[in-house]
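One structure is given below, encoded as structure tokens.
The values are calculated or read from the model by the stated rules, or taken from the named source; none is laboratory data. All values reported here derive from a predicted model rather than from experimental measurement. With ideal geometry, Cβ positions are generated from the backbone for all residues, glycine too; neighbour counts draw on all protein chains shown. Just the protein is used for accessible areas: all its heavy atoms, side chains included, with ligands, DNA and RNA removed. Shrake-Rupley method; radii C 1.70, N 1.55, O 1.52, S 1.80 Å.
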Amino acid sequence: MLHFDNRFARLPGHFYTRQPPQGIPDPHWVSVNRDAAALLDLDAADFDSPALLAALSGNTVLPGSEPLAMIYSGHQFGHYNPQLGDGRGLLIGEVNGTHGRFDLHLKGAGMTPYSRQGDGRAVLRSSIREYLASEALHALGIPTTRALAITGSHLPVYREEVETAAIVTRLARTHIRFGHFEFFFYTKQHDALKQLADHAIALYFPEFAGQPDQYALFLQQVTHRTASLIAHWQAYGFAHGVLNTDNMSILGETFDFGPYGFLDDYEPGFICNHSDHAGRYAFDQQPGIGLWNLNAFAHALSPLIAIEDLKRILGEYQAVLTQRYATLMRARLGFQQEDAGDQQLLADWLDLMAESKVDYTQCFRSLCDDNQHASLRNDFVQREAFDHWLTRYRARREQEAGSVDEHRMAMQRTNPQYILRNYLAQQAIEKAGHGDFSEVDRLLAVLKNPFDERPGFEAYAEPPPSWGKELQISCSS
Ligand code: AMP
Ligand code: MG
């Protein structure tokens, strides 16, 4: 069914603890993501077979799978925590298929030596949130881990309330986090640190292997990818919520979804994580936090890289991020060419949007279509300032080749109609709690094609109703 070639499991035992999953009783499918299944060469018949359900609910181990809990540590909310690791998830192996290699990870598969106070479980609510978000980001062109399926059970799990257990099967190019390197650095196991860096280079950056400055080149790649990732989040209004170094992938993919949130109203200081009282991980703090996290990562690599190189490479972060963000936002404004005034035009637009707290996604979508500019104007408090900006904008757009219709269509391919708003996820979660998973699938289908208007799905593009603006999402998952 799946062809495993588990390269992480070939590393020596100090990188992980091998153990089978603790399954969930009487499991059922909550949702299956056919696109991700295709990446693994799985088809519908595989999901009809009890064997795959049993394996992805942690009740059996597939032939070739070598489940293990990885060891890592990391900085959480700015403080070093030496005791992390897979506390409720297991890497069950690396699949090598016709579409390349993917790590498979079962999130919520029971206690491990790294569970600390936790119960090793994930609840249905947070599993649906991870599942939907990773697919939503992917469809927007944002690097991310993927999700293959959710399995559910009646097993009770105790959080603020009693919930039920679920398991997400996560797909990722790697499960190696910044925190892996921090663990071996802070425990002074520098041979293991080097071994892990060599492993990461051999698997993910083979072109650097054996070069005299291979570790510096590795850090540079991680730095550039992280900068690019965060530029994407800022461009599309995604707040991760828990940007601890143990939630940072070395391949620059969005990793570990907790209390994340997409912006509804444009509020740069938006804090999606209810437990983040100081706003350390507020939306507009993410670019700075990305660099903070890279500093922690670079520090962990300091036995392998000269200090001048560390500094030089970290010094490249800001420029990569700014340039990537500028390119993405130019596209959102409908500009293919670069113009010296674009940065100011964008800054003024964002200021206007923030002042009026307009819906971030809808506002850009309406800007695509000249016929909607009149109604868009009504969303702004400062109408004259809006008019003035729109005049400048249209003049700038004239410089671009193509007809008004062509501009509209190009912009609609980069400005989504649908995003994963918290209230939409909440509606799907509530129904799922009553055993009706249809809304999870429906929402998934909408989010997979975020740029295409779908007749009958107008409601999915709407800003949240008042109850949906006040949803409080915390870390407990
Ligand atoms: P997270 O906030 O999900 O990124 O998790 C941070 C750390 O806590 C990781 O080491 C997780 O494995 C661990 N963890 C989170 N939730 C649980 C849980 N319910 N049981 C055991 N460990 C957990
Ligand atoms: Mg995590």
Where Pro143 falls short, out of the listed (1) within 11 Å of ligand 1 (Cβ to nearest atom); (2) open to solvent by 10 Å² or more (accessible area, probe 1.4 Å); (3) in contact with a helix residue (DSSP H, G or I) (Cβ under 9 Å, 6 or more places away or on another chain): (1)
Filter result (of a type outside the set (Asp, Glu) and closer than 23 Å to Gly341 by Cα) within segment 381-392: Gln382, Arg383, Ala385, Phe386, His388, Trp389, Leu390, Thr391, Arg392
Test set (1) buried (at least 20 other Cβ atoms within 10 Å of the Cβ); (2) more than 16 Å from ligand 2 (Cβ to nearest atom); (3) of a type outside the set (Val, Ile, Thr); (4) part of a loop (DSSP other than H, G, I, E, B) - Ala227 fails condition number: (4)
Looking only at segment 405-422, and only at residues there that are part of a helix (DSSP H, G or I) and open to solvent by less than 80 Å² (accessible area, probe 1.4 Å), the one that is nearest to Gly237 (Cα to Cα): Asn422
Filtered residue count, segment 171-214, keeping only those that are more than 19 Å from Tyr114 (Cα to Cα) and not in a helix (DSSP H, G or I): 11
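Can you tell me how many residues in segment 240-258 are among the hydrophobic types (A, V, I, L, M, F, W, C) and either away from ligand 1 (no atom under 15 Å from the Cβ) or under 11 Å from Thr144 (Cβ atoms) (or both)?
Counting residues in segment 240-258 that are among the hydrophobic types (A, V, I, L, M, F, W, C) and either away from ligand 1 (no atom under 15 Å from the Cβ) or under 11 Å from Thr144 (Cβ atoms) (or both) gives 4.
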Test: residue in segment 430-452 that is assigned to a loop (DSSP other than H, G, I, E, B), surrounded by fewer than 18 Cβ atoms within 10 Å (Cβ to Cβ) and modelled with pLDDT under 95: no
Selected residue (criterion: nearest to Asn96 (Cα to Cα)) from residues of segment 158-170 that are of a type in the set (A, V, I, L, M, F, W, C) and buried (at least 22 other Cβ atoms within 10 Å of the Cβ): Val168
Residue match in segment 337-360 (condition: under 24 Å from the mean Cα position of the chain (by Cα) and among the polar types (S, T, N, Q)): no
Candidate set from segment 230-260 (those that are hydroxyl-bearing (Ser, Thr, Tyr) and more than 18 Å from Thr174 (Cα to Cα)); member that is least open to solvent (accessible area, probe 1.4 Å): Tyr260
Number of the condition not met by Gln83 [criteria: (1) within 13 Å of ligand 1 (Cβ to nearest atom); (2) buried (at least 19 other Cβ atoms within 10 Å of the Cβ)]: (2)
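Can you tell which of Phe386, Phe457 is in contact (Cβ under 8 Å) with a residue 24 or more places away in the chain and either crowded, with 18+ Cβ neighbours inside 10 Å or under 18 Å from His138 (Cα atoms) (or both)?
Numbers: Phe457 fails: either crowded, with 18+ Cβ neighbours inside 10 Å or under 18 Å from His138 (Cα atoms) (or both).
Of Phe386, Phe457, the one residue that is in contact (Cβ under 8 Å) with a residue 24 or more places away in the chain and either crowded, with 18+ Cβ neighbours inside 10 Å or under 18 Å from His138 (Cα atoms) (or both) is Phe386.
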Test for Phe218: is it away from ligand 1 (no atom under 16 Å from the Cβ) and at pLDDT 95 or above: yes
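Within segment 29-66, take every residue that is under 26 Å from the mean Cα position of the chain (by Cα) and at positive phi and give me the one that is surrounded by the most Cβ atoms within 10 Å (Cβ to Cβ). If you could, list the steps in order and put the result at the bottom.
At the first step, the residues of segment 29-66 found to be under 26 Å from the mean Cα position of the chain (by Cα) are 29-43, 47, 52-53, 55-58, 65-66.
Add one more test, that the residue is at positive phi, and what stays is 41, 58.
Working: Asp41: 14, Gly58: 25.
Only one residue tops the list, namely Gly58.
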In segment 389-404, the residues that are more than 15 Å from Trp349 (Cβ to Cβ), open to solvent by less than 80 Å² (accessible area, probe 1.4 Å) and touching a residue at least 40 places away in the same chain (Cβ under 8 Å): Glu400
Residue within segment 161-170 that is part of a helix (DSSP H, G or I) and either under 23 Å from Ile250 (Cβ atoms) or not aliphatic (A, V, I, L, M) (or both) present: no
Any hit, segment 299-314, residues being in contact (Cβ under 8 Å) with a residue 24 or more places away in the chain and within 16 Å of ligand 1 (Cβ to nearest atom): no
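Could you please find all residues in segment 237-260 being part of a loop (DSSP other than H, G, I, E, B), near ligand 2 (Cβ under 10 Å from one of its atoms) and either on the phi > 0 side of the Ramachandran plot or among the charged types (D, E, K, R) (or both)?
In the first step, residues of segment 237-260 are kept if they are part of a loop (DSSP other than H, G, I, E, B); the result is 237, 240-244, 248, 250-253, 255-260.
In the following step, the residues that additionally are near ligand 2 (Cβ under 10 Å from one of its atoms) were identified as 242, 244, 248, 255-258.
Hit for segment 237-260 is Asp256, nothing else.
Tell me, which strands (runs of 3 or more DSSP E) lie completely within segment 56-153 with 3 or more residues that are within 16 Å of ligand 2 (Cβ to nearest atom) and not acidic (Asp, Glu)? Write out each step before concluding.
Values: elements: 68-70, 74-76, 79-81, 89-97, 100-107.
Here the list reads 74-76, 79-81, 89-97, 100-107.
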